[in-house]
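Just below is one structure, and these are the notes that go with it.
Values in this text are rule-based calculations from the coordinates and carry no lab data. Worth saying up front: this structure is predicted, and the values here are computed from it rather than measured. Note: ideal-geometry Cβ built from the backbone for every residue, glycine included; neighbour counts use all protein chains shown.
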Amino acid sequence: MDDLRKKAKDLLESQAVNVIIGYGEGTSGAVRAIFPRKAEETDKLIYDDRCTQNLAVYLMKHEIKHMEKKGIVATIPAMRSILQVASEYQLKEDELVILGIGPDGKLVDIPGFKAMEDYLATQDFGIQEDDKAILRKIDAMSMEERWSFWKDELSPCFKCYACRAACPMCYCTRCFVEVNTPQWIPISANEIGNFEWHLLRAMHLAGRCINCGECGRACPLEIPIHLLTYKMTEDVQTDFGVTAGLKADMPSVLSTYKLEDKETFIR
Amino acid sequence: MYKENIYLPYLMNIERVTEEAPFVKTFRLKFANEEEGKQFTYKTGQFGEWSVFGEGESTFCIASAPTREGYIECTFRQAGRVTSALASLGEGDQIGFRGPYGNVFPIEEWYGKSLLFIAGGIALPPMRSVIWNCLDLRDKFKDITILYGARAVKDLVYKQELEAWKNMPDVNLHLTVDPGGETPEWKGEVGFVPTILDKVAPASKDCIAIVCGPPIMIKFTFPVLEKLGFADNMVYTTLENRMKCGIGKCGRCNTGSVYICKDGPVFTREQLKGIPAEY
Amino acid sequence: MDIERKLIKRASLGKLVEQLRAEGKVVLAPKKKKNVVFFEPINTIDEMSTDYIATTQSPKAAAFPKSDRILKFENGKEGIKFEGQPTSVYPETVVLGLRPCDATGFDSLTAIFNWDYKDQLYNDRLAKTTFIGISCASCDAYCFCTSVKGGPGNTHGTDILLTAVDGGDFLAEIVSEKGKKLAVSGQQYFEADSGADKEKFLANVPVKFDVDTLVPKAQNSFESPVWLEQSLRCIGCGACAYVCPTCACFDMQDETTGSKGQRVRCWDSCGFGLFTLHTSGHNPREVQSARWRQRVLHKFSYMPERLNVVGCIGCGRCSRACPVDMNLSEHLVNLAEA
Ligand code: SF4
Ligand code: SF4
Ligand code: SF4
Ligand code: SF4
Ligand code: FES
């Protein structure tokens, strides 16, 4: 933690960055994102097991984007998000300083996107075991069982879009749910509309979701919405051999055309 | 006394469609239910929620003058889901209308004074209502000056009425288009509204200025008016925020504690200075 | 009306629920799914959860559902036919287990929905709803009802307020005419008051700020730097507004299948980036700090000014639901001290 604070302090003092996006103490034992912009505020930075929010989401936020050069405390999911959005031309490498955090909670030196790619190549990550177990359970269900599983899970959804807001890859200023010429999905939170919203979002994240689980964690109604995009991750991995968020210049899976694609409709 | 569904529209028959400019149309509307039409009253400055069943509602002002009875009119630009649907309708089709909502231009308070109307682009509709209203009461006012500008000649709306106003001996009409927007036949001014205002320089003594237009035009027009000596309480404008309900409930239109749907849309410049600029 | 004190045994409360159901009333009570507590219809008291401080979802949906029909229409050959939603079909409803703060929350909704124009959809639902509240025996760090003039045993807004007293029975305070009607129709379940000291069974909710000092401060804080400072981590979702018992913002939408359809109103939030977006592309609240300011000032400045009611009951739901730990009471203390 001292390493982290020192590095952050140096960065602000030397004006290498204007802000550090990091974790600090919140209320009632919670942690929260904090944004030190002065060297003395870096004392407030912390890192421990409670720090699970994927901070990369803030890189896409209007106010923070406009702070130009920024440092970010980046765990592995955050690093993957950074590479993913960079590959979608949403980030400038030279406006970003990474304060990498390894699985052991220690600071790692990540001097740029290339270094990040190399670092991630040495890391082991995948879908957490408990989520995997549910995915296998869903795989084993009949169509009807799946439908009723999701109907049950999705019916309370009130479309607060916390899942979307928490996701670093959901950065569109006008999400498809807000497009109304034509209207893609109903705005109100009704049964079918909820299905449409979540299935379409999952499609938009196919090949882009990096399994941070932030959407599910953000949901105030504890809807395990991350399972949908996780499933897409698995499918994209099996069908196209692609894992999101490993390279800063990776073409998007779903908009790439290859002659050897196994689906015939595309040829 | 809440036995009425306040979101129920009146059903309106489209009597006449006028193409005003590219993507801009005017509908003349009559109440499908004559009884409702007879009881309906409104004042200039007020707005409504206009709807296409199946597409939703859209907010804009009533563009006709209350002095013209038997119908109401609206002018809209085709831009979103509802206005596109409206634009696809024609004579004989039906739409929904809720209103009238909002406050009004205090025309009675202006009796005995001169009037200066300044409008830009598609913002002429709220102005058209008040202009006709005042022209229909012509002897109550001194000089009437209208300055209207659009980006290009083709974007000027209400071409017939502009012609009519031009031919009225007791109306000073100045038309202008932005530089580059003129055609070879164009006989009006060329220049932005604030520039032309500065050039025309109407006298501010005993004169009320009514300004409607895009925020940027208003922003540059106010200082010119100030220079010409118009006091803040002699300058009126209308604000447009996103609206849904039109009646102070949906929470969408407020700027600070002021609800544009209820407290507006008509404000004096003096009032605007007292409220946060969330519009 | 003077408050009448009675006693109702736990078992009798169960019987009362059965009677209400038998009378055809909908009974909404807290139900737990994972760690989330919703108000949902119950048939027997066993379905009701008692393990909650404040429910995750507020009870506002009883009078202001997340999606509610305004009218139905049909585009036919002979023109358009439409018909307003008949409110006579709204069911008689009893909300059981809401907290004293929740009951107060309807003051805000009522003020908004009756500001000049009276909202029939809301009023008719509310008129058909009876509130049986349960006082709070415990609270958590997010609760601040006592800072906004509420309290864990306040009767205001409930029709009957139950307080669990010795031995698990409830002191039943009959607060309103509606409550009286219900108590009369189920009189066999209400017994004579045992004289329990209610205060002894209530949570101790610390006062965090003085609302009478806060409101004037809020009214002069539009340009304050606190909004940006507080809201940098806010991600602009609708969670706070959707769980909030007093948030009333809505959108109106048409939904069609074939030639038929309905116009509905559904919840919306001032926290969303596109909430105030003009068709021209101009957005008066371009940044999240402006939207966060709207959230706080609407409740603590604009509503007190225009509607004479503070738009927050201190239930803490927004702060519990927020995915990024935006803690309202902390921010209010912050503002009060700024
Ligand atoms: S966060 Fe939860 S309730 Fe909100 S839109 Fe997503 S799934 Fe629905
Ligand atoms: S603002 Fe928060 S604390 Fe206040 S009433 Fe709403 S949810 Fe409860
Ligand atoms: S806080 Fe925001 S969402 Fe809630 S009622 Fe006020 S304006 Fe609407
Ligand atoms: S305060 Fe929290 S719950 Fe509310 S909009 Fe911001 S992030 Fe969402
Ligand atoms: S338009 Fe709904 S509150 Fe003003």
- request: Report, as an integer, the average count of C-beta atoms from other chains found within 10 Å of each Cβ along A:56-68.
  value: 3
statement: With T = 10 °C, eta = 1.306 mPa s and Kirkwood Rh from C-alpha pairs, the Stokes-Einstein D of segment B:107-238 in µm²/s is about 108 µm²/s
field: Taking N as its residue count, the alpha carbon Rg of chain C over 2.2 N^0.38 Å
entry: 1.06
- prompt: For labels at A:Lys69 and A:Leu199 in the simple 7 Å Cα→Cβ model, what's the distance in nm?
  reply: 4.9 nm
- request: From other protein chains only, count the Cβ atoms within 10 Å of every residue's Cβ in C:241-254, then give the mean.
  value: 5
message: Please compute the modelled spin-label separation between B:Glu69 and B:Gln39, points set 7 Å along Cα→Cβ, answer in nm with one decimal.
response: 1.7 nm
field: Rounded tilt (10° steps) of A:143-154 against the dominant C-alpha axis of chain A
entry: 50 degrees
Over 32 Å [Cα-Cα, chain B], rounded percent: 22 percent
field: In Hz, Karplus ³J(HN,Hα) per residue of segment B:73-84 (6.51, -1.76, 1.60; θ = phi - 60°; x = Gly, Pro)
entry: 10, 9, 10, 9, 9, 6, 9, x, 4, 6, 5, 5
- prompt: What is the Å³ per residue value for the convex hull set by the Cα atoms of segment C:204-338?
  reply: 146 Å³
Most to least packed among A:244-254, C:197-207 [average Cβ atoms within 10 Å]: A:244-254, C:197-207
- request: Under a cut-off of 18 Å between alpha-carbon atoms, report the lysines in cross-link reach of B:Lys38, not counting same-chain residues fewer than 8 places apart.
  value: B:Lys30
- prompt: When only Cα pairs under 8 Å and 6 or more residues apart are kept, what is the percent relative contact order across chain A?
  reply: 18 percent
task: Could you work out how far apart the two model spin labels at B:Ala231 and B:Lys166 are, taking each label as a point 7 Å from the Cα in the direction of the beta carbon, and quote it in nm?
output: 3.7 nm
query: What does the convex hull of the Cα atoms of the protein assembly as shown come to per residue, in Å³, rounded to a whole number?
result: 214 Å³
query: What average number of partner chain Cβ atoms lie no more than 10 Å from the Cβ of the residues making up C:182-190?
result: 0
Among C:329-336, C:111-118, the order from most to least packed when residues are scored by Cβ within 10 Å on average: C:329-336, C:111-118
- line: Measuring from its Cα centre, the protein assembly as shown shows a charge dipole (+1 at each Lys and Arg Cβ, -1 at each Asp and Glu Cβ) which, in debye to the nearest 20, is 600 debye
- request: Please compute the net charge surrounding C:Leu7, taking Lys and Arg as +1 and Asp and Glu as -1 over other residues with Cβ under 13 Å from its Cβ.
  value: -1
Set of lysines near B:Lys140 by C-alpha distance (under 23 Å), chain-local residues within fewer than 8 positions excluded: B:Lys43, B:Lys113, B:Lys166, B:Lys205
Total formal charge among the other residues, if their Cβ is under 13 angstrom from that of C:Asp325, Lys/Arg +1 and Asp/Glu -1: +3
message: Restricting to bridges with both residues inside the protein assembly as shown, how much of the DSSP beta-bridge set is antiparallel, in percent to the nearest 5?
response: 65 percent
- request: Please report, to two decimal places, log10 I(q)/I(0) for segment A:2-120 at q = 0.12, 0.17, 0.18 Å⁻¹ as given by the Debye formula with identical point scatterers on the Cα atoms and no solvent.
  value: -0.37, -0.78, -0.88
task: Provide the net charge surrounding C:Leu307, with neighbours chosen by a C-beta distance below 13 Å and charges set as Lys +1, Arg +1, Asp -1, Glu -1.
output: +1
- line: Per principal axis, largest first, the Cα atoms of segment C:77-206 extend in Å by 68, 38, 23
query: Can you list the lysines whose alpha carbon is less than 20 Å from that of C:Lys6, not counting same-chain residues fewer than 8 positions off?
result: C:Lys15, C:Lys178, C:Lys180, C:Lys181, C:Lys198, C:Lys200
query: Rounded to the nearest 5, what is the percent of antiparallel bridges among the DSSP beta bridges in segment A:2-120?
result: 55 percent
message: Based on Cα coordinates alone, diagonalise the gyration tensor for segment C:54-113, multiply each eigenvalue by 5, take square roots, and list the semi-axes in whole Å, largest first.
response: 33, 12, 10
- request: Mind giving me the FRET efficiency for A:Glu93 and C:Lys200? R0 is 60 Å, r the Cβ-Cβ distance, nearest 0.05 is fine.
  value: 0.40
query: How do the peptides A:96-105, A:138-147, B:125-134, B:141-150 rank, highest first, by the average count of neighbouring beta carbon atoms within 10 Å per residue?
result: B:125-134, B:141-150, A:96-105, A:138-147
field: ³J(HN,Hα) computed for each position of segment A:114-129 - Karplus, 6.51 cos²θ - 1.76 cosθ + 1.60, integer Hz, glycine/proline x
entry: 4, 4, 5, 4, 5, 5, 4, 5, 8, 9, 9, 9, x, 6, 4, 4
statement: Long-range amide H partners of C:Lys33, meaning residues 5 or more apart or on another chain whose placed amide H is closer than 5 Å, are C:Phe38
- line: Here D for segment C:269-338, in µm²/s, from Stokes-Einstein with a Kirkwood Rh over Cα pairs at 25 °C and 0.890 mPa s, works out to 183 µm²/s
statement: All alpha-carbon distances of segment B:10-101, grouped into 5 Å bins from 0, give the whole-percent distribution 3, 15, 28, 29, 18, 7, 1, 0
- line: Once amide hydrogens are built 1.01 Å from N within the peptide plane, the residues lying 5 or more places from C:Leu7 or on another chain with amide H under 5 Å from its amide H are C:Ala172, C:Glu191, C:Ala192, C:Asp193
message: For chain A, give me the percentage of DSSP beta bridges that are antiparallel, rounded to the nearest 5 percent.
response: 55 percent
- line: Note: chain A at 4 °C, 1.567 mPa s; Kirkwood Rh on alpha carbon pairs; Stokes-Einstein D in µm²/s works out to 65 µm²/s
message: Explain nothing, just compute: Karplus ³J(HN,Hα) = 6.51 cos²θ - 1.76 cosθ + 1.60, θ = phi - 60°, for every residue of segment C:225-233 in order, whole Hz, x for Gly and Pro.
response: x, 4, 5, 5, 4, 6, 9, 4, 8
